[in-house]
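Structure first, commentary second.
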Amino acid sequence: MEALKKIAGVTAAQYVTDGMTIGLGTGSTAYYFVEEIGRRVKEEGLNVLGVTTSSVTTKQAQSLGIPLTSIDNIDSIDLTVDGADEVDQDFNGIKGGGAALLMEKIVATPTKEYIWVVDESKLVKHLGAFKLPVEVVQYGAERLFRVFEKAGYHPAFRQKGGQRLITDMQNYIIDLDLGCIENPQALGQKLDQTVGVVEHGLFNGMVDKVIVAGHDGVQVLSAPKQ
Ligand code: 5RP
């Protein structure tokens, strides 16, 4: 599996050219993309400006000498490469397994070419076997949790080291165990309208390409133009 992740990440780095502003994703697959960009910066003198999607990726990029800028300094990003937890046939996806979904969606939104790197196990018919991460502000989180319980979403606060995980943006994550999400758009809209929810891990119709590494090779799936 690790080898497949590396293939996907390194393949995505081939889409990066000199002068680009690039979004650097988070997770164990995006890790290999960032490593390859770092290698190209060092060995090939690749000239890029990175925008990171988590404190973990910021540290990795800094250690590799990739020049970084703040999302606040730019109006658009040429290309972002990130991982995903599940991808369905309509190019909807679940992200946030690494708790970085808010920063990831903020970076994805002004991106011209948005690419996911996954191994073949991430392709699914229906989203939802992977628990849907929802980032919520701390104030009122217990009440929101009960709202999710009543809705039958089977919520659980994400834990880290025996305590509630706190995201880079100082929020909690509530993971929803939904089993099968019949209508990702409808659920996404419902969560968008729920006060106290900062962001959710449904990335519906946002991705342009999915690079899938499998035992039979690499496939590049292109989403139909919107
Ligand atoms: C982090 C993410 C990751 O991109 C997603 O969880 C996939 O990670 P991995 O490549 O380690 O399976 O959304 O918030």
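A 1.4 Å probe run over the range 87-159, with the rest of the protein chains in place, finds 46 Å² accessible per residue. Apply the a/c threshold of 1.5 to the C-alpha gyration tensor of the range 65-168 and tell me whether it is rounded, prolate or oblate. Cα axes put the range 65-168 in the oblate bin. Computed from point charges on the beta carbon alone (+1 for Lys and Arg, -1 for Asp and Glu), the dipole magnitude for the chain about its Cα centre is near 480 Debye. Just the protein heavy atoms count here, and of the accessible area of the chain at 1.4 Å, carbon and sulfur take up 50 percent.
Rounded if a/c is under 1.5, else prolate if a/b is larger than b/c, else oblate: which is the range 159-216, with a ≥ b ≥ c the root eigenvalues of its Cα gyration tensor? Please list the in-between numbers first.
Working: a/c = 1.94, a/b = 1.28, b/c = 1.52.
It is oblate, given that a/c is not under 1.5 and a/b is not larger than b/c.
Taking every DSSP beta bridge that has both ends in the chain, the antiparallel portion is near 55%. In percent, rounded to a whole number, the relative contact order of the range 1-126 is 30, using alpha-carbon pairs under 8 Å and six or more apart.
Can you tell me the relative contact order of the chain? Whole percent, Cα pairs under 8 Å, sequence separation 6 or more.
Values: 481 pairs, mean separation 49.0, N = 226.
About 22 percent, as a whole number.
Projecting the Cα atoms of L127, A151, A141 onto the charge dipole of the range 104-156 (Cβ charges, centred on the Cα centre) puts A151 farthest toward the positive pole.
Helical runs assigned H by DSSP (4 residues or longer) give the chain a calculated mean residue ellipticity at 222 nm of -8500 deg cm²/dmol, each run adding -39500 (n - 2.57) before division by the residue total.
Write down the accessible area per residue of the range 168-226 in Å², having rolled a 1.4 Å probe over the full set of protein chains. Working shown, then result.
Details: 3190 Å² over 59 residues.
Averaged over the residues of the range 168-226, the accessible area is 54 Å².
The values are calculated or read from the model by the stated rules, or taken from the named source; none is laboratory data. Treat the numbers as computed from the prediction; the structure is a model and nothing was measured. Neighbour counts are summed over all protein chains in view; Cβ atoms, including those assigned to glycine, are modelled from backbone coordinates with ideal geometry. For accessibility, only protein heavy atoms count, side chains too; no ligands or nucleic acids. Shrake-Rupley method; radii C 1.70, N 1.55, O 1.52, S 1.80 Å.
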